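In what follows, a structure is listed as structure tokens, so that the remarks can point back to it.
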Amino acid sequence: MVLTPSTMLPLTTTAPHFSLADVVMGETISLETFAKNKALLVMFVCQHCPYVQHIKKEIARIGKDYEDKNLGVVAISSNDASSYPDDSPQNLKEMAKELDLSFPLCFDETQEVAKAYTAACTPDFFLFDQERGLVYRGQLDDSRPGNNQPVTGGDLRLAIEAVLNDQPVNPEQKPSTGCNIKWKPGNGPYYF
């Protein structure tokens, strides 16, 4: 396990396009799926990472808390499933069912979506406004495995509330940290 921080993609960056299959229903999920939502939260997660395991219930809660509040939510796993079988689509499907996720969980087989978003770690969060400009790319909250801080989702929730209420998001943002994306051999990130 390598502790890796978010790349902190520049604010105002336009949300990169994606088109991926949801591991539960098999439906194609893309940016257009969320065209009517005022805001869009894109999360990069996986099944095996202890940092994701630490916050997975809060991620599920956020989905439920904002289900009827004009926030689109999608989670994406981009890990190399051949080297990390816990992150296979089938195991991701089991995780989605266990957490009763109210949003799609997609598998990025080619890892091109992770590269487009400059996702570096799991978890990695990207919040976009109605025009799909990036307004937040930071941590869920200050909690990490073993630091005894409560998992509240506070930092991300503040950003979501600001966007949904037409308020500016504080540009002072702390990077998310977690396990590095598990790149396929020869397919590592090009942005470091």
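Calculated FRET efficiency, GLU131 and SER102, Cβ-Cβ r, R0 35 Å, to nearest 0.05? Spell out each step's value before the answer.
Numbers: r = 25 Å, r/R0 = 0.70.
Here the calculated transfer efficiency is 0.90.
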Once exposed loop trypsin sites (Lys or Arg not before Pro) are cut out (DSSP; at most 12 other Cβ, 10 Å), longest piece of the chain | 70-192
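Taking only DSSP H segments of four or more residues, each worth -39500 (n - 2.57), what value at 222 nm results for the chain once the sum is divided by all its residues, to the nearest 500 deg cm²/dmol? Don't skip to the end; give the middle numbers.
Details: 4 runs with 44 residues, N = 192.
When only DSSP H runs of four or more count, the value is -7000 deg cm²/dmol.
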The answer for the per residue Cα convex hull volume of region 50-137, in Å³, is 101 Å³
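Return the Rg/Rh value of region 148-192, two decimal places, where both radii are evaluated on C-alpha atoms and Rh is the Kirkwood radius.
Details: Rg = 15.7 Å, Rh = 13.7 Å.
That ratio equals 1.14.
Readers should treat all values here as calculations from the given coordinates under stated rules, not as data from a laboratory. Not measured: the values here are computed from a predicted model. Here the Cβ is made from the backbone with ideal geometry for all residues, glycine too, and neighbour counts use every protein chain on show.
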